[in-house]
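Notes to accompany the following structure.
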Amino acid sequence: MGFRRDSKFSESDLEQALIDNLEQFILELGRGFAFVERQQHIATDTDDFFIDLVFYNFRMKRFVIFELKTHKMRHSDVGQLDMYVRMYDDLFKGEDDNPTIGVLLCTDTDSTIAKYSVLNESKQLFAAKYMTYMPTEEELRNEIERQKQFFLEHHSDGKPATR
């Protein structure tokens, strides 16, 4: 995405880098994804909210929203994503659409927050670590294993995965 390993950047810088590389980002997401909107505005009676990136997957028949964070996962980020997913289902999901999925992309995941937040119980919310630079082969292998374990621990009925 054009960031150096040690560079500082804002959430809007990250979002712009993803938009600039949208085709590659969609290909990395997998089959069936279509870009819907960036900074989608949702107004309520008392406030305004902006969802970073919205996609629709026509194979899964569901919206997939992304919240981008330039810090380690926080419980407030999980709560924000949960609210956005619920709002999106209420306001935009069609009768024949499956429930919306929310993905929190952050600089690092946190097992404690995942264990004690709605992330642990929800089949619609996911957190993932992103890297803005190309890791070494060993770093990549270690991170894949760490993220795989994190996912299995928090999306398999709350029970740690066994090998």
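The values are calculated or read from the model by the stated rules, or taken from the named source; none is laboratory data. Just so you know, these numbers come straight off a predicted model, no measurement behind them. Here Cβ is always computed from backbone atoms with ideal geometry, including for glycine, and neighbour counts include all displayed protein chains. Calculation scope for accessible area: heavy atoms of the full protein, side chains included, ligands and nucleic acids excluded. Shrake-Rupley method; radii C 1.70, N 1.55, O 1.52, S 1.80 Å.
Using 11 Å as the cut-off for backbone N distance, which residues of the stretch 27-41 belong to the label zone defined by a point 7 Å from the Cα of residue 87 along Cα→Cβ?
40-41
How many angstrom lie between the C-alpha centres of the stretch 9-58 and the stretch 90-108?
Their Cα centres are 12 Å away from one another.
Can you pull out the chymotrypsin sites (Phe, Trp or Tyr not before Pro) in the stretch 21-105 whose DSSP state is coil and whose Cβ has at most 11 other Cβ atoms within 10 Å?
Answer by residue number: 58.
Go through 141, 59 and list them by solvent-accessible area, largest first, probe radius 1.4 Å.
Values: 141 130, 59 155 Å².
Result of the area sort, largest leading: 59, 141.
Considering only protein heavy atoms, with the full assembly of protein chains and a 1.4 angstrom probe, order 146, 31 by accessible area, largest first. If you can, show how the numbers build up before the last one.
Values: 146 95, 31 180 Å².
Correct descending sequence by accessible area is 31, 146.
Accessible area of residue 90, 1.4 Å probe, to the nearest 10 Å²?
In the full protein context, residue 90 sits at about 130 Å².
Just to be sure I understand the model, the point goes 7 Å from the Cα along the line to the Cβ. What's the resulting residue 29 to residue 112 distance in nm?
3.3 nm
Determine the sum of side-chain charges near residue 98: Lys and Arg each +1, Asp and Glu each -1, restricted to other residues whose C-beta is under 14 angstrom from that of residue 98. If you can, show how the numbers build up before the last one.
Details: positive: 59, 61, 62, 93, 123; negative: 89, 95, 96, 97.
Around residue 98, the surrounding residues sum to +1.
With a sphere of radius 10 Å drawn around the Cβ of residue 62, what net charge do the other residues whose Cβ falls strictly inside it have (Lys, Arg +1; Asp, Glu -1)?
On the way: positive: 59, 61, 93; negative: 89, 97.
In short, +1.
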